[in-house]
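As structure tokens, the structure follows; a few thoughts come after it.
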């Protein structure tokens, strides 16, 4: 029977050189908080499905997203507002139509890598 036991060090020796190197390379506290907030927003299944949908379809209007995800237009609009506030999606208008897309390739890469991780 396999257990998911976590192994820990049995000594208290610290490799100060490695610790210093890692501390220099870690993002600052504000960036870590923003990163955590990004993952928190993406942890919601509806918002994640919106992002996955936009990663496939380049851009869609709210009505298209509502139909694909099987939610009301107002529910999708609410989720898009949150995603826009986190700079995960962006939009442009064409007349009376508003089209949403992923804000940049970083989001698309993040989703692609996470999907590959889950599929392995």
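Data for the structure
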| item | result |
| --- | --- |
| Cα gyration tensor shape of the chain, rounded if a/c is under 1.5, else prolate or oblate by comparing a/b with b/c | prolate |
| Förster radius 41 Å - calculated FRET efficiency between residue 49 and residue 17, Cβ distance, rounded to 0.05 | 0.40 |
| Between helix 105-119 and the chain: long-axis angle, C-alpha atoms, 0 to 90°, nearest 10 | 70 |
| Mean separation of Cα contacts under 8 Å, 6 or more apart, over the residue count of the chain: relative contact order % | 21 |
| The chain: angle of helix 29-42 to the longest principal axis, Cα-based, in degrees nearest 10 | 50 |
| On Cα atoms only, tilt of 73-85 relative to the major axis of the chain in degrees | 50 |
| Förster radius 30 Å - calculated FRET efficiency between residue 90 and residue 117 (Cβ-Cβ, nearest 0.05) | 0.75 |
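Throughout, read-outs are computed from the coordinates displayed, never taken from laboratory work. Everything numeric in this text was worked out from a predicted model, so none of it was measured. No Cβ is skipped: glycine too gets one built from the backbone with ideal geometry, and neighbour counts run over all protein chains shown.
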